[in-house]
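Step one of this worksheet: look at the structure below.
The values are calculated or read from the model by the stated rules, or taken from the named source; none is laboratory data. The structure presented is a predicted model; accordingly, all values stated were derived computationally and were not measured. Using ideal geometry, Cβ is built from the backbone for each residue, glycine included, and neighbour counts are taken over all protein chains shown.
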Amino acid sequence: MKKINATFSIPEEMHKRLQSVIGQRKMSNFVVQAIDEALAKKAASLRSAYEAAEKDPARQEVLNDWKVFDGEGWE
C-alpha cells in the first residue's frame, strides 16, 4: 500500500501518552490502525442509518408524494 506523510496536531499530553504506552517507533502504525477502526465504525453507523431511513414509513410517504413529478416531460 502506498503511504504518504500527513501532518496533523494532537494535544501534547496525548503525544506523551502515545510515546509512553506505544513507543515512538510504533506510533504511526498505531494511529493508522486507530483511524482505520474509527472509519469502519463510522461507515457501519452510516450504513445502519441509511438502512433505517430506507424503512422509515414517513420517508416513503414523502417519496410517494413526489412520484407525480418523476414523469416524462421534465427537462
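Quick notes on this one:
Here is a yes/no grid of residues against (1) touching a residue at least 12 places away in the same chain (Cβ under 8 Å); (2) exposed (fewer than 10 other Cβ atoms within 10 Å of the Cβ); (3) assigned to a loop (DSSP other than H, G, I, E, B):
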residue	(1), (2), (3)
6	no, yes, yes
29	no, no, no
38	no, no, no
43	no, no, no
54	no, yes, no
59	no, no, no
65	no, yes, no
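- The requirement of being basic (Lys, Arg), out of contact with any Phe, Trp or Tyr (no Cβ under 8 Å at 6 or more places or on another chain) and more than 27 Å from residue 4 (Cα to Cα) is fulfilled nowhere in the range 19-40; no residue meets it.
- Members of the range 15-47 that are of a type in the set (Ser, Thr, Tyr) and either in contact with a strand residue (DSSP E or B) (Cβ under 7 Å, 6 or more places away or on another chain) or at pLDDT below 95 (or both): 28
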